[in-house]
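> Have a look at the structure that comes next, please.
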Amino acid sequence: MSRVVIVPSTLALLPEYASLDDPVADLRSVVVDAVGWLLEDGPATASTGSPAGQRIADHLLGPGGRAASASERSAGTSPNRLVVANGSATRTEKAPGHLDERAEAFDAAIGRALAAGDPAALRDIDLTLAAELWAMPDAGVLRDLATLVPPVSEVHVDYDDAPFGVQYWVVRWLCG
Amino acid sequence: MTLRLGRHEFADDATLMMAIVNRTPDSFYDKGATWAEDKAFDRVTAVVEQGAAIVDIGGIKAAPGEFIDEAEEKRRVVSFVERVRAAYPGLVISVDTWRAPVGRAVCEAGADVLNDAWGGADPALVDVAAEFGAAIVCTHTGGATPRTRPFRIEYDDVVAAAIADTTAYAERAVAAGVDPRSVVIDPAHDFGKNTFHSLELTRRLGEMVATGWPVLVSLSNKDFVGESLDLPVGERLTGTLAATAISALAGARIYRVHEVVETRQVVDMVNTIAGRRLPQRAIRGLA
């Protein structure tokens, strides 16, 4: 059995961007709980699409010892995985990429695959459309899960919303 | 330095709004608007809702005018302090007085701070603060007699004079038994100073902050603002806020004000720019 947790790559999760009133308090709470569940089972490796995504992973997985070691990462032997990725950033007129009517269906398709524990379905993500919907490079990270993750036996969708016009998911998969 | 104002303590990085509440019929700004006790109490209620941590209650206007004896000053402030104390146990109550007997009476009634706007004119005031565990504001007036206007006063270096006098006063207060965490210094803009002096104190306020004593500034609608902009009382808010911004950047801790909301916004914005305070809620470009 292994564990996979998917969290969004919003920079608001980083401590250097803290506010007095946390704009992502609900999300952060869910993310922290999900990452806690992931690390209960031992170290985890990170799947990220950008340096910022890697910083978020490093922050969430914590200082040395909690994350998978470099050798584990290079050998691909760590069974648990933190995936830092979100959907489109074009869900509303106030979204970073403004409103794109295609975004809702794009995100819904990914959301269904995540909720179904069906990583193979993520292979169908259209990366060209993803770029137009401001979902790259994260969409590529999600698509790669099709080949990285074993069959999923249990799914928990802890968060599925687009509070700033950016689609966030927090999903836990128990695999194998 | 951690600040202890009577019953209340504040963190090292806290900035505090001290709202002016006049129990006078003739103060320069409000011209008696809170002379009636109920009006003054309404003012306390309003400034608490606006976020003031401190009210500064005064029974005598600073400028020359009708002589107010000790008994009359007590009549104006003591029972009012009792009323505010009962209604707002979490509020810091400061009383603007130079007289030790008045200080004693208001401390017995629940005051937390003695704001000695006339710079130690009554040397026994520190003993009262020490006896009651009250804080004291040590101001610089250049030795001016209470309720007098400056007349051709000059300093070799007004900032050096203000630092020397306020820190000496602070040390005298500590020697008298006042808790060092309960001593605040104030350059006292306009008091014993012309406009050029007050401007220089504003410009070089960082030198007072560097003494390590918490600095209070009382800038609100004062003549140095009015003369800088050639504006009468009532049209000095923007200039006051500009001086407030400079003071906040220098690191002032307490702001004695008429306008709480506007001052709080300026102080918070400046301290956020300076990196001493987090933004209230930042998500732009981060989502």
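The values are calculated or read from the model by the stated rules, or taken from the named source; none is laboratory data. All of these numbers come straight from a predicted model, not from anything done at the bench. Cβ coordinates were reconstructed from backbone atoms using ideal geometry, including for glycine residues, and neighbour counts include every protein chain displayed.
> Got at least one residue in region B:152-164 being out of contact with any Cys (no Cβ under 6 Å at 6 or more places or on another chain), at pLDDT below 95 and buried (at least 17 other Cβ atoms within 10 Å of the Cβ)?
Taking every residue of region B:152-164 in turn, none turns out to be out of contact with any Cys (no Cβ under 6 Å at 6 or more places or on another chain), at pLDDT below 95 and buried (at least 17 other Cβ atoms within 10 Å of the Cβ).
> Only residues in region B:257-285 that are more than 9 Å from chain A (Cβ to nearest Cβ) and more than 24 Å from B:L237 (Cα to Cα) count as the first member; pair them with residues that are among the hydrophobic types (A, V, I, L, M, F, W, C) and assigned to a helix (DSSP H, G or I), Cβ under 9 angstrom, at least 6 apart or cross-chain, and list the lot.
Listed by first residue and then by second, the contacts come to B:R276/B:V270.
> Taking the residues in region A:1-35 that are under 17 Å from the mean Cα position of the chain (by Cα) and part of a loop (DSSP other than H, G, I, E, B) as candidates, determine which candidate is surrounded by the fewest Cβ atoms within 10 Å (Cβ to Cβ).
A:L14
> Only one residue in A:A109, A:A85, A:A103 is closer than 15 Å to A:A139 by Cα, surrounded by fewer than 17 Cβ atoms within 10 Å (Cβ to Cβ), more than 13 Å from chain B (Cβ to nearest Cβ) and modelled with pLDDT of 95 or more. Which one? Don't jump to the end; show me each part of the working.
Numbers: A:A85 fails: surrounded by fewer than 17 Cβ atoms within 10 Å (Cβ to Cβ); A:A103 fails: surrounded by fewer than 17 Cβ atoms within 10 Å (Cβ to Cβ).
Testing whether each residue is closer than 15 Å to A:A139 by Cα, surrounded by fewer than 17 Cβ atoms within 10 Å (Cβ to Cβ), more than 13 Å from chain B (Cβ to nearest Cβ) and modelled with pLDDT of 95 or more leaves just A:A109.
> Okay, moving on. Conditions: (1) within 14 Å of chain A (Cβ to nearest Cβ); (2) among the acidic types (D, E); (3) closer than 21 Å to B:G192 by Cβ. B:E227 meets all but one. Number of the miss?
Here B:E227 clears every test but (1).
> What is the residue count in region A:1-35 for residues that are among the hydroxyl-bearing types (S, T, Y) and more than 9 Å from every other protein chain (Cβ to nearest Cβ)? Quick ask: steps written out before the conclusion?
Initial filter on region A:1-35 (among the hydroxyl-bearing types (S, T, Y)): A:2, A:9-10, A:17, A:19, A:29.
Next cut, more than 9 Å from every other protein chain (Cβ to nearest Cβ) only: A:2, A:9, A:29.
Residues that pass the stated criteria total 3.
> While we're on this one: Output yes when any residue across region B:142-165 is under 30 Å from B:S228 (Cβ atoms) and within 15 Å of the chain's Cα centre (by Cα), and no when none is. Spell out the reasoning first.
First pass over region B:142-165, keeping only residues under 30 Å from B:S228 (Cβ atoms): B:142-165.
With the extra rule that they be within 15 Å of the chain's Cα centre (by Cα), the set shrinks to none.
No, because not a single residue in region B:142-165 is under 30 Å from B:S228 (Cβ atoms) and within 15 Å of the chain's Cα centre (by Cα).
> Do we find that A:A57 is aliphatic (A, V, I, L, M) and modelled with pLDDT under 95 in this structure?
No.
> Of the numbered conditions (1) surrounded by 24 or more Cβ atoms within 10 Å (Cβ to Cβ); (2) in contact (Cβ under 8 Å) with a residue 40 or more places away in the chain; (3) in contact with a helix residue (DSSP H, G or I) (Cβ under 7 Å, 6 or more places away or on another chain), B:G206 satisfies every one except a single condition; which is it?
(1)
> What number of residues in region B:138-159 are among the hydrophobic types (A, V, I, L, M, F, W, C) and free of Cβ contacts under 8 Å to residues at least 40 places away in the same chain?
Narrowing region B:138-159 to residues among the hydrophobic types (A, V, I, L, M, F, W, C): B:138, B:144, B:151, B:153, B:158-159.
The next check asks that each one be free of Cβ contacts under 8 Å to residues at least 40 places away in the same chain; those that pass are B:151.
Selection size over region B:138-159: 1.
> Could you please give the count of residues in region A:36-56 that are away from every other protein chain (no Cβ under 12 Å) and either in a strand (DSSP E or B) or crowded, with 17+ Cβ neighbours inside 10 Å (or both)? Steps first, answer last, please.
Residues of region A:36-56 away from every other protein chain (no Cβ under 12 Å): A:36-51, A:53-55.
Among the residues that remain, those that are also either in a strand (DSSP E or B) or crowded, with 17+ Cβ neighbours inside 10 Å (or both) are: A:38-39, A:43-49, A:53, A:55.
Residues meeting the conditions: 11.
> In region B:61-87, what residues are surrounded by fewer than 21 Cβ atoms within 10 Å (Cβ to Cβ) and under 14 Å from B:V113 (Cβ atoms)?
B:R85
> Can you pull out the residues in region A:95-146 that are over 20 Å from A:D158 (Cβ atoms) and under 13 Å from the mean Cα position of the chain (by Cα)?
Pass one, region A:95-146, residues over 20 Å from A:D158 (Cβ atoms): A:95-106, A:120, A:123-137, A:139-140, A:143-144, A:146.
The answer is A:A135, A:M136, A:P137, A:A139, A:G140, A:R143, A:D144.
> Among the residues of region B:134-151, which ones are under 23 Å from B:A100 (Cβ atoms) and either modelled with pLDDT under 95 or among the β-branched types (V, I, T) (or both)?
Narrowing region B:134-151 to residues under 23 Å from B:A100 (Cβ atoms): B:134-148.
B:I136, B:V137, B:T139, B:T141, B:G142, B:G143, B:A144, B:T145, B:P146, B:R147, B:T148 - these are the residues of region B:134-151 that are under 23 Å from B:A100 (Cβ atoms) and either modelled with pLDDT under 95 or among the β-branched types (V, I, T) (or both).
> Pairs, please: C-beta under 6 Å, at least 6 apart or cross-chain, first residue at pLDDT below 95 and in region B:39-64, second in a helix (DSSP H, G or I) and basic (K, R)?
Filtered contacts from region B:39-64: B:G59/B:R76.
> Applying the selection to region B:1-40, what residues are out of contact with any helix residue (DSSP H, G or I) (no Cβ under 8 Å at 6 or more places or on another chain) and β-branched (V, I, T)?
Residue satisfying the conditions is B:I20 alone.
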